[in-house]
1. Computing the accessible area with a 1.4 Å probe over protein heavy atoms, can you report the carbon and sulfur percentage for the chain?
2. Report the calculated FRET efficiency for Ile91 and Glu33 (r = Cβ-Cβ distance, R0 = 35 Å), to the nearest 0.05.
3. Per residue, how many Å² of accessible area does the chain show with a 1.4 Å probe?
4. Is the shape of the chain best called rounded, prolate or oblate, per the rule: a/c under 1.5 gives rounded, else a/b larger than b/c gives prolate, else oblate, with a ≥ b ≥ c the square roots of the Cα gyration tensor eigenvalues?
5. Using helices alone, I'd like the mean residue ellipticity at 222 nm for the chain: each DSSP H run of four-plus residues gives -39500 (n - 2.57), total over residue count, nearest 500.
6. Subtract the Cα-Cα distance of Leu71 and Arg16 from 0.36 nm times their separation in residues, and report this length gain in nm to one decimal.
Amino acid sequence: MNRRRRSNRTYARTDRVAELLREIIADELDRIEDDRIEWVSVTTIDVNPELSQATVFYSSLAGPEGDAEILEALGEHRARLQGAVARQARIRRTPE
């Protein structure tokens, strides 16, 4: 009887995808000319096991006072960021 052992491989894949997304998004943010996200750094990305959704965590010199403005800017540029991920990442589905 051949049983598949559940391993940490699932987590390793999500970690690899999260790091790839972090690099792509951080690079694309550098290319966007928007004063609201000029001092934003992508710190971590959490990807769900199905690789369908990703949560981006960031830090900014603006501090908590600038969060509303930064989130608005990131929302406006979401399609561009997701497009960059779709073009550069070799994954079947682009996480939202």
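1. C and S fraction of accessible area: 44 percent.
2. 0.80
3. Using a 1.4 Å probe on heavy atoms only, each residue of the chain averages 78 Å².
4. Here the chain falls in the prolate category.
5. -15000 deg cm²/dmol
6. The span from Leu71 to Arg16 would gain 17.3 nm if fully extended.
The values are calculated or read from the model by the stated rules, or taken from the named source; none is laboratory data. Given the structure is predicted, the values throughout are model-derived calculations rather than measurements. Quick reminder, even Gly has a Cβ in these numbers, built from the backbone with ideal geometry, and neighbours come from all protein chains shown. Side chains are part of the model used for accessible areas, which takes the heavy atoms of the whole protein and leaves out ligands, DNA and RNA. Shrake-Rupley method; radii C 1.70, N 1.55, O 1.52, S 1.80 Å.
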